[in-house]
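What follows is a set of notes on a single structure, which appears directly below.
The values are calculated or read from the model by the stated rules, or taken from the named source; none is laboratory data. Please read these numbers as outputs of a predicted model, since none were measured by experiment. Using ideal geometry, Cβ is built from the backbone for each residue, glycine included, and neighbour counts are taken over all protein chains shown.
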Amino acid sequence: MNFLERAWYESKPWLYLLWPLSMLFRGLAANRRKRQSAAAERLGKQPVIVVGNITVGGAGKTSLLIALAQELKRRGFSPGVISRGYGASAADYPVDVNAGSDPVTCGDEPVLIAARADCPVVIDPDRPAALAHLLAEHDVDLVLSDDGLQHYRLHRDIEIAVVDGARMFGNGLCLPAGPLREPRGRLHEVDLVVVNGEPAAALDLPVPTYQVALEAHSLINLASGEERPFAGAPFHVGHTLQLVSGIGNPDRFYALMENLPYPLARIEFPDHHNFSAEDFEGERIDIHQPIVMTEKDAVKCRRFATPNFWALRAEMKLPPEFVEALLKKTGKS
């Protein structure tokens, strides 16, 4: 978390100096929404479900999308996923992403989704183009959009907003004075709200609201692929676990790892950092001690990982009533 992000969640008074810019941002966002919504066109008959948030940083939308895709497959559906592919550097779009795709070319989140959800994933900064390609090239009966709540050119049937229960909405201001992409009232317009973790304050929303939580499941060795139960962590007494993170909100990752009886060293990189072997050289990281990271970061370290690299696999448990409410809204219950 950088200096400005910390200020948002610590409600620093000097942020109100940016209030005029915040109001300008709100106005531009509202105008953009009106203009793009008018141009949105339905593509295909498959329901399009957007999973997004109104804050910047990690609220847990990708974890929710993966859990939802897995649950839909268990129920006999054939979901597909579209994504902007944040950080991708492909020469041409749209791009089909699979578990073995290069995260530098396709983005870390799409590669992780393809690996964990095991369903078609297409990236394109133009989300309607990604959707058209997905529907033309893959047999899917439901479409999940990873983020895109503010991408109004994409026609959507259902909107799911994810809220970080611990951080909530910071100081409640829009960018750049606060973390909001849209005013908090936007949550009154979505179909379903999912709170990731215990909420720090009551939401009191007029739409169905559900609480979920991430649970540590296992640890996976990046070099060998070995998977160990989280409770049976494969570390020796006396080891210091080096928690390397390049995600928007690493605190949730740290909290899960604090359940293990080892000293922890936190080593942070910027969100969506493109890791290289050089990042793990020098005095900052001890190559003789275990390195643990999230699966999202781990997909970028596979090619140079050594036996001391481990990824934490966390699972998001979905309330059955949330899944039933979603399917009812899509007409597929």
Residue under question is GLY76, and the condition is that it be buried (at least 22 other Cβ atoms within 10 Å of the Cβ), of a type outside the set (A, V, I, L, M, F, W, C) and either touching a residue at least 12 places away in the same chain (Cβ under 8 Å) or on the phi > 0 side of the Ramachandran plot (or both); does it hold? no
Run ASN31 past the list (1) surrounded by 11 or more Cβ atoms within 10 Å (Cβ to Cβ); (2) over 10 Å from LEU175 (Cα atoms); (3) without any contact (Cβ under 8 Å) to a residue 12 or more places away in the chain and report the number of the one that doesn't hold. (1)
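Please verify whether the range 84-92 includes one or more residues that are in contact with a strand residue (DSSP E or B) (Cβ under 8 Å, 6 or more places away or on another chain) and either surrounded by fewer than 18 Cβ atoms within 10 Å (Cβ to Cβ) or β-branched (Val, Ile, Thr) (or both).
Taking the range 84-92 first, the residues in contact with a strand residue (DSSP E or B) (Cβ under 8 Å, 6 or more places away or on another chain) are 84-85, 88, 90.
From the residues that got through so far, the ones that are either surrounded by fewer than 18 Cβ atoms within 10 Å (Cβ to Cβ) or β-branched (Val, Ile, Thr) (or both) too are none.
No, because not a single residue in the range 84-92 is in contact with a strand residue (DSSP E or B) (Cβ under 8 Å, 6 or more places away or on another chain) and either surrounded by fewer than 18 Cβ atoms within 10 Å (Cβ to Cβ) or β-branched (Val, Ile, Thr) (or both).
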Report whether or not GLY52 is in contact with a strand residue (DSSP E or B) (Cβ under 7 Å, 6 or more places away or on another chain), within 25 Å of GLY197 (Cβ to Cβ) and not assigned by TED's automatic domain parsing to the domain that holds SER245. yes
Of all residues in the range 299-333 being of a type in the set (S, T, N, Q) and over 30 Å from VAL244 (Cα atoms), the one that is nearest to the chain's Cα centre (by Cα): THR330
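Scanning for something surrounded by 12 or more Cβ atoms within 10 Å (Cβ to Cβ), of a type in the set (A, V, I, L, M) and closer than 30 Å to LEU326 by Cβ, does the range 12-28 turn up at least one residue?
So the first thing to find is which residues in the range 12-28 are surrounded by 12 or more Cβ atoms within 10 Å (Cβ to Cβ), and the list is 12, 15-16, 18-19, 21-26.
Okay, now just the ones that are also of a type in the set (A, V, I, L, M), so 15, 18, 21, 23-24.
If we keep only those that are closer than 30 Å to LEU326 by Cβ too, we end up with none.
Within the range 12-28, not a single residue is surrounded by 12 or more Cβ atoms within 10 Å (Cβ to Cβ), of a type in the set (A, V, I, L, M) and closer than 30 Å to LEU326 by Cβ.
Only residues that are of a type in the set (Ser, Thr, Tyr) and surrounded by 15 or more Cβ atoms within 10 Å (Cβ to Cβ): list them for the range 1-11, please.
Kept after step one, since they are of a type in the set (Ser, Thr, Tyr), are these residues of the range 1-11: 9, 11.
Selection gives TYR9 alone.
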Among the residues of the range 282-317, write down those that are part of a strand (DSSP E or B) and of a type outside the set (Val, Ile, Thr). MET293, PHE309, TRP310, ALA311, LEU312, ARG313, ALA314, GLU315, MET316, LYS317
Here is a check on your reading of the model: is LEU312 over 21 Å from ASP108 (Cβ atoms) and modelled with pLDDT of 95 or more? no
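In the list LEU18, LEU65, which residue meets the criterion of being at pLDDT 95 or above and over 14 Å from GLY148 (Cα atoms)? Step through it out loud before you land on a result.
Values: LEU65 fails: over 14 Å from GLY148 (Cα atoms).
Only one candidate qualifies: LEU18.
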Considering the range 178-195, residues that are surrounded by fewer than 21 Cβ atoms within 10 Å (Cβ to Cβ) and closer than 12 Å to SER22 by Cβ, and then whichever is nearest to the chain's Cα centre (by Cα), we arrive at ARG181
The range 303-318 - residue that is in contact with a helix residue (DSSP H, G or I) (Cβ under 9 Å, 6 or more places away or on another chain) and of a type outside the set (A, V, I, L, M, F, W, C) and, of those, nearest to SER63 (Cα to Cα): GLU315
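Listed residues GLU278, GLU283; which is under 15 Å from THR240 (Cβ atoms), charged (D, E, K, R) and loosely packed, with under 13 Cβ neighbours inside 10 Å? Walk me through how you get there before you give the answer.
Details: GLU278 fails: under 15 Å from THR240 (Cβ atoms).
Just one listed residue meets the conditions, GLU283.
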